[in-house]
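Engineer: Quick one: the structure is below, and I'll ask about it shortly.
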Amino acid sequence: MRNFLLACFLLVGITTVSNAQNHPGTNSPAEKAKELQKQLKLNNEQTIKIEKIYEESSRKFDKIKTDAHGDNAKMLTAIKPLRTTTIAKIKAVLTTKQTVKYEQLLKESKNTGGSGWGDGWSAPN
């Protein structure tokens with residue numbers, strides 16, 4: 001019985017570590033777009049366009065992260081224009097009513113201490 005329990009705990013531990021490596025804290029571009037679809041009542045065409053915007057921004061963000069070589073100040077400076085561009089591209093896909101709601105979401109995210117990148121691409125300072 002003791003060996004069985006040990007095996008169960010080991011399996012749970014391995015599963016947890018494996019799952020954490022596959023989902024490193026931030027959502028995929030598709031998940032982010034789906035979340036915005038729910039929050040802003042986007043149609044499918046808008047959702048697809050926003051997913052592509054997130055994919056492009058994510059690739060650029062990864063490059064910035066790699067190029068910064070662990071220098072957070074350098075990285076933060078480099079991502080500021082990317083945030084601005086990403087937000088502008090998303091707003092271009094939205095209706096006026098959706099834009100108002102999106103700006104509200106950005107403001108709420110920033111007010112709750114969000115980092116700005118992984119929590120919905122908050123507005124730049």
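The values are calculated or read from the model by the stated rules, or taken from the named source; none is laboratory data. Worth saying up front: this structure is predicted, and the values here are computed from it rather than measured. Cβ atoms come from the backbone with ideal geometry, glycine included; neighbour counts cover every protein chain shown.
Engineer: Which ones in the stretch 82-105 are in a helix (DSSP H, G or I) and of a type in the set (S, T, N, Q)? Walk me through how you get there before you give the answer.
Structural biologist: Initial filter on the stretch 82-105 (in a helix (DSSP H, G or I)): 82-93, 96-105.
Listed by number, the residues that qualify are T84, T85, T86, T96, Q98, T99, Q104.
Engineer: List the residue pairs whose Cβ atoms are under 7 Å apart, where the first residue sits in the stretch 47-72 and is among the basic types (K, R), the second is in a helix (DSSP H, G or I), and the two are 6 or more positions apart or on different chains.
Structural biologist: Qualifying pairs under 7 Å: K49/V93; K60/L82; K65/M75.
Matching residues to (1) under 23 Å from K97 (Cβ atoms); (2) at pLDDT 90 or above; (3) assigned to a helix (DSSP H, G or I):
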{"position": "K34", "(1), (2), (3)": "yes, yes, yes"}
{"position": "Q37", "(1), (2), (3)": "yes, yes, yes"}
{"position": "L42", "(1), (2), (3)": "yes, yes, no"}
{"position": "E45", "(1), (2), (3)": "yes, yes, yes"}
{"position": "E56", "(1), (2), (3)": "no, yes, yes"}
{"position": "K80", "(1), (2), (3)": "no, no, yes"}
